[in-house]
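Notes follow once the structure below has been shown.
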Amino acid sequence: MSGLVWFVIIIVGLLVAAYVFRLAGQAITSNAPKFRDMTFGVAFGYIFGATLFVWATYYYFQPKITGVGTPNAGVIFFRWAVQGFIIASIAAFLFRVFGRAVGTEVTKKLFRSMPLTASFGILVIILYAITAIFAGSIAPYGESEILGAANVLAGGDITAGGDPAYPLGTDQIGRDILSRLIFGARNTVGIAFITTCLAFFIGGSLGFLAATLQGWLDQLLSRSVDVLMAIPSLIFALLLMTIASVWSIKLGVPLTIFMVLIIAVIDSTRVYRLARAVGLNIVVMDYIEAAKLRGEGLGYLVFKEILPNAMAPLLAEFGLRFCFVFLTIAALSFLGVGIQPPLADWGTMVRDLGPFINFAAFIPTAAVSPLLAAGAIALLTVAVNFVVDWMLHKTSGLQE
Amino acid sequence: MQSILKIVLQRLGLGIVTLFVVSIVIFVAVNSLPGDFAQAILGQGATPESIATIRRDLGLDQPLILRYFIWLKGMLTFDLGTSFAQLNFANFGGAGTTTVAEQIAPRLSNTMFLASVTACIAVPLAVTLGVLAALYRNTAFDKAANMFTLSSISSPEFFMAYVLILFFAVLNPIFPSLSNIYDGMPFSERLEKSMLPALTLTLVVTAHMMRMTRAAIISLLASPYIEMARLKGLSPMRVIIVHALPNALAPIINVIALNLAYLITGVVVVEVVFVYPGIGQLFVDSVKIRDIPVVQACCLIFAAAYILLNLTADILSIISNPRLRHPK
């Protein structure tokens with residue numbers, strides 16, 4: 001209860017401070033326009049921001065260890081978060097500077113108008129791609145190689161239950177977590193990428209086909225897509241995975257292949273919608289008419305005339321769709337029905353390592369490995385979203 | 001008024017047809033399992049006689065179409081059958097088995113409770129933040145809010161859940177990290193225990209609703225009547241709340257209803273993280289042990305809730321459109 005009282009006191013204090021701040025500003029600058037026209041909300045914003053900054057600085061420089069010798073875990077996590085944020089910002093800034101100086105005219109121009117969030121996104125995507133491609137040579141150990149000790153904690157500090165040989169520790173059966181994180185980039189991201197491509201191939205070609213041919217085929221496809229979209233996608237995926245798990249035993253086909261197909265089909269419905277809508281706007285153009293009069297076949301119309309003109313919206317959708325697919329796969333794996341062991345995968349790792357978070361108050365490094373696995377998923381989707389957000393903003397001309 | 005009633009009835013009819021077709025899809029999907037249920041219930045060591053008995057008991061010897069209608073009738077009368085796990089239990093002499101309906105009912109009400117707690121926090125918060133972001137657009141506040149919401153939309157739920165557990169249960173023990181609620185628990189305790197899952201869901205849905213609110217208001221700001229209000233000398237706050245917000249209601253209501261639909265169907269992961277005894281948890285457990293009757297019933301309930309809420313969103317946005325409410 002006292003927490004709530006303190007909260008109210010702080011809020012009221014900030015409100016009073018904001019009022020005083022505006023009044024004082026008006027008096028000192030003899031009613032300069034900046035203070036004269038300042039609304040109360042803006043004044044509160046300044047005071048709130050300043051208070052937050054002062055508190056954060058104060059908290060950052062608290063000692064790492066409390067008086068009785070237990071680690072002050074909150075401070076340690078806060079320092080990591082702040083350092084991570086600063087390093088990420090600097091890296092994004094440097095990457096943008098690099099992009100503005102190096103490359104062709106087109107890329108230079110692209111980087112010139114780029115916000116920091118987008119350059120951060122591109123940098124992260126490139127790093128993930130490199131990790132995924134060269135996973136085999138970067139990782140210190142094998143993907144499912146079982147090493148000496150199980151449950152070694154992260155940090156490499158022997159007194160805190162770590163081991164310098166395994167910088168991020170080992171999991172419950174003694175596999176190196178760093179190696180599994182690196183291989184996870186290949187498996188989780190790779191499978192999500194393949195699934196998205198498949199979804200785009202199915203949804204895109206059917207959507208363009210429906211837009212070109214129209215008539216009964218369009219009706220049939222559109223109504224089936226309506227029905228499929230009426231079932232929440234994660235629920236539908238779980239239902240189909242139940243059935244697939246039986247089939248995979250019977251046919252001897254890995255469950256992962258079924259998962260790729262199921263998610264691709266479910267997500268292709270969303271792609272179909274977009275492709276059809278975009279396609280319908282294109283097929284009424286004169287150059288399509290001209291191509292038809294030339295006697296071009298259906299394949300030429302779809303892939304050589306419609307596809308190039310629908311590229312921009314489809315690319316943005318590809319980014320978003322990739323995020324959804326990636327999150328669905330991670331969720332399925334987290335629930336235990338997705339990518340199957342011994343393949344290294346981030347969702348499964350979060351599920352297996354999650355309980356370690358409960359020890360974070362005593363040994364802060366215990367929470368590192370589950371948060372890194374979950375954070376690896378979050379970081380990539382956030383990065384892709386930053387880039388897509390910027391692309392949409394750029395193409396829609398929503399400068400406001 | 002006549003036309004609005006017609007549209008609403010049309011949508012309602014369409015919703016029922018969709019639900020019917022969805023039930024067919026679910027039924028066909030489940031019946032494409034190799035082998036049959038009797039084998040699945042009894043396992044490897046089943047004798048042909050016992051399989052035949054179970055087949056007769058479950059009505060598996062009937063043709064597919066007849067079985068669909070029997071199943072549909074059962075669904076409509078809330079007779080959802082008995083789960084395989086329970087049947088197995090009965091086979092080994094267990095007494096006091098429960099039906100799927102009895103299993104699902106308390107779980108569903110738990111999930112509803114979680115969803116309503118979340119909605120009570122998230123909806124006011126999202127609309128307020130959205131209005132503020134529109135009011136102070138392109139300031140540091142707006143940019144920070146944009147970055148924060150974009151990150152929270154795109155992170156997986158379990159990441160949010162674990163971060164919240166780390167900060168509010170482990171480092172500062174304010175809320176419990178396990179939501180083991182049960183029947184007859186006092187309301188305050190129940191609320192406290194479901195706080196962390198509710199906060200996780202709030203983080204996920206608030207972001208979406210807030211961005212939509214902001215976008216809906218900002219898209220109106222260029223219109224002449226807003227310009228007029230500004231030229232009259234109204235304060236920016238009044239322009240947005242009294243003039244822009246009522247006209248932005250349709251998309252906002254729409255996105256709120258969509259997010260409520262998400263709350264009921266997308267809680268699966270969050271319930272699993274916090275071991276919250278809701279319908280999502282039941283669904284995942286049944287998926288893992290391939291308990292078909294439960295999976296089927298849960299799936300249909302989820303689909304029905306999803307369709308219903310989408311329908312509500314549709315109808316509400318039609319009703320909140322003044323052009324349709326007052327036809328010339």
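Quick notes on this structure:
- Filtered residue count, the range B:285-315, keeping only those that are over 23 Å from B:T77 (Cα atoms) and either part of a helix (DSSP H, G or I) or more than 10 Å from chain A (Cβ to nearest Cβ) (or both): 9
- When restricted to residues that are under 25 Å from the mean Cα position of the chain (by Cα) and either of a type in the set (K, R) or closer than 29 Å to B:E271 by Cβ (or both), the range A:241-283 contains 18.
- The number of residues in the range A:35-67 that are part of a helix (DSSP H, G or I) and more than 12 Å from A:F21 (Cβ to Cβ) comes to 11.
- Scanning the range A:245-262 for residues that are out of contact with any Pro (no Cβ under 9 Å at 6 or more places or on another chain) and more than 10 Å from every other protein chain (Cβ to nearest Cβ) yields A:G252, A:V253, A:P254, A:L255, A:T256, A:I257, A:F258, A:M259, A:V260, A:L261, A:I262.
- With a requirement of 1 or more residues that are in contact with a Ser or Thr (Cβ under 7 Å, 6 or more places away or on another chain) and either modelled with pLDDT of 75 or more or more than 30 Å from A:Y46 (Cα to Cα) (or both), the helices (runs of 4 or more DSSP H) lying completely within the range B:44-142 that satisfy it span B:64-76, B:84-91, B:100-135.
- Candidates B:A261, B:A305 - the one that is in contact with a Pro (Cβ under 8 Å, 6 or more places away or on another chain) and either in contact (Cβ under 8 Å) with a residue 40 or more places away in the chain or of a type in the set (S, T, N, Q) (or both): B:A261
- Within the range A:369-400, being more than 11 Å from every other protein chain (Cβ to nearest Cβ) and within 15 Å of A:L153 (Cβ to Cβ) holds for one residue alone: A:S369.
- Residue list for the range B:192-227, restricted to those being more than 27 Å from B:S151 (Cα to Cα) and in contact (Cβ under 8 Å) with a residue 60 or more places away in the chain: none
Residue by residue, here is whether (1) assigned to a loop (DSSP other than H, G, I, E, B); (2) polar (S, T, N, Q); (3) under 24 Å from B:I318 (Cβ atoms) holds:
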residue	(1), (2), (3)
B:E189	no, no, no
B:T200	no, yes, no
B:T213	no, yes, yes
B:I240	no, no, no
B:I264	no, no, yes
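- Residues of the range B:220-256 satisfying the condition of being touching an Asp or Glu at 6+ places or on another chain (Cβ under 9 Å), within 14 Å of another protein chain (Cβ to nearest Cβ) and surrounded by 15 or more Cβ atoms within 10 Å (Cβ to Cβ): B:L221
- Residue within the range B:156-165 that is closer than 21 Å to A:Y46 by Cα and buried (at least 21 other Cβ atoms within 10 Å of the Cβ) present: no
- Checked against the criterion of being of a type outside the set (S, T, N, Q), touching a Gly at 6+ places or on another chain (Cβ under 7 Å), surrounded by 20 or more Cβ atoms within 10 Å (Cβ to Cβ) and free of Cβ contacts under 8 Å to residues at least 24 places away in the same chain, the range A:375-395 contains not a single residue that satisfies it.
- Every test in (1) farther than 11 Å from A:T188 by Cβ; (2) among the hydrophobic types (A, V, I, L, M, F, W, C); (3) part of a helix (DSSP H, G or I) is passed by A:M349 save one, and that test is (1).
- Any hit, the range A:64-86, residues being more than 26 Å from the chain's Cα centre (by Cα) and of a type in the set (K, R): yes
The values are calculated or read from the model by the stated rules, or taken from the named source; none is laboratory data. What you are looking at is a predicted structure, and each value in this text was computed from that prediction instead of being measured. Note: ideal-geometry Cβ built from the backbone for every residue, glycine included; neighbour counts use all protein chains shown.
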